[in-house]
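Below: one structure, written as structure tokens.
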Amino acid sequence: YQDAVASAVTAHGGHIANYIGDGIVVYFGWPVASENQAVQAARAGLAAMEKVSKLIIPNSNTKLAARAGIATGQVVVGDLEGEMSHQSAAISGEAPNRAARSPERAGSVQLAIDNTTKLLLRSTIELVNQGVHHLKGLDGEVQAFRVVDELSFDSHFDAASASHQRTPFVGRKSDDELIKARWSETLSGHGQAILLSGEAGIGKSRMVRHLLENVGDENKSVLRFQCAQNLVNSALHPVATALERAAQFDRTDNSDTKLDKLELAIKQTSRPKEQTLALLVSMMKLPFDQRYPALGMSPQRQIEDTLLTLLEQMLADSEDAPLLLVFEDLHWADPTTLDLLGRLIADLETRQVMLLV
């Protein structure tokens, strides 16, 4: 149980502070801060609930169940030194108590959050209002929400701004015209690669959205890839996630259903379809048992063939319609994803493909 929760938490940037009986205390935002630590906490909670639900008590058919709470607030972090005790990186404040008490009102096998965390999540997570409660040991009333699932968005910007009215697009006319001119070159069969760079918050993602809304009504394909700070060591994660969206995976899908959807989503290329699928599901870490032939190749060869397969799939998309590929937050891309982009750029010259990073 502890291993299951720990693997889910650390995969989403959490810091395991303490094991207390059958409880686990986790920090997000310390010792490493992040711009989306509330979202990481919610994702970690959902992943932990899912992993725990698959555990079975030895010598029985009883499955484990767990509850968890997330609260946000100011705390003091430091080592507690006493005459008879010592605790490293202990926290003091009201938020830990809210996190510990909230699950009591959320029911079995559920993840609960407080109102402050809800505001930070914006529209990225599906929530159910659990009402206002008086929690033991806390003054006043606490609004509680049950976390249902993560909503699907193509980028962090889309997720963060989904519930907000956009301001007018101003001050980027020359940049906008330059990108549109490059898109026109793409339509004539001269592939383009564009690097859009600038300080955080200056409006790069907003400009990407403006481009997607204004590149014309012509038939085109758009593929968006989102790199993430806590996944810089996860090879090809932006590509795997984009494939999941393209195949319309759902959290409730079992392995066979996911494979069925993936088979419908991929393009036919010169490579045998079974080998293409075996390479892709291995990259996506999906179990496929005997459904596809074993790859039987060295790790280095498998990475090479996976990159070639991904390149084939992307370029096959461009044969049906002009293709716009958008990679966001490239400074957090893993080395294998960067290798894929380098190969793609080298093959753009005579393709109807524009790569915007």
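The values are calculated or read from the model by the stated rules, or taken from the named source; none is laboratory data. The shown structure was predicted, so the numbers you read here are calculated from the model rather than taken from an experiment. Here the Cβ is made from the backbone with ideal geometry for all residues, glycine too, and neighbour counts use every protein chain on show. For accessibility, only protein heavy atoms count, side chains too; no ligands or nucleic acids. Shrake-Rupley method; radii C 1.70, N 1.55, O 1.52, S 1.80 Å.
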Hits in region 229-261 (condition: within 24 Å of Gln300 (Cα to Cα), touching a residue at least 24 places away in the same chain (Cβ under 8 Å) and among the hydroxyl-bearing types (Ser, Thr, Tyr)): Ser234
Those residues of region 314-356 which are buried (at least 19 other Cβ atoms within 10 Å of the Cβ) and part of a loop (DSSP other than H, G, I, E, B), in sequence order: Pro322, Asp329, Ala333, Asp334, Leu348, Arg351, Gln352
Complete set of residues in region 270-302 that are closer than 23 Å to Leu315 by Cα and of a type in the set (Lys, Arg): Arg271, Lys273, Arg301
Test: residue in region 205-227 that is part of a helix (DSSP H, G or I) and open to solvent by 70 Å² or more (accessible area, probe 1.4 Å): yes
Region 229-245 - residue that is in contact with a helix residue (DSSP H, G or I) (Cβ under 6 Å, 6 or more places away or on another chain) and not in a helix (DSSP H, G or I) and, of those, modelled with the highest pLDDT: Leu236
Unmet requirement for Val132, which otherwise passes all of (1) open to solvent by less than 80 Å² (accessible area, probe 1.4 Å); (2) touching a Lys or Arg at 6+ places or on another chain (Cβ under 9 Å); (3) at pLDDT below 80: (2)
Close pairs (9 angstrom Cβ cut-off, 6 or more residues apart or separate chains): without any contact (Cβ under 8 Å) to a residue 60 or more places away in the chain in region 272-297, open to solvent by 70 Å² or more (accessible area, probe 1.4 Å) and polar (S, T, N, Q) anywhere: Thr276/Gln268
Residues (modelled with pLDDT under 90, open to solvent by less than 60 Å² (accessible area, probe 1.4 Å) and either over 27 Å from Asp320 (Cα atoms) or among the basic types (Lys, Arg) (or both)) located in region 246-291: Asp253, Ser255, Arg271, Leu286, Phe288
Candidate set from region 56-80 (those that are touching a strand residue (DSSP E or B) at 6+ places or on another chain (Cβ under 7 Å) and of a type outside the set (Val, Ile, Thr)); member that is modelled with the lowest pLDDT: Leu80
Where Gly296 falls short, out of the listed (1) open to solvent by 10 Å² or more (accessible area, probe 1.4 Å); (2) on the phi < 0 side of the Ramachandran plot: (2)
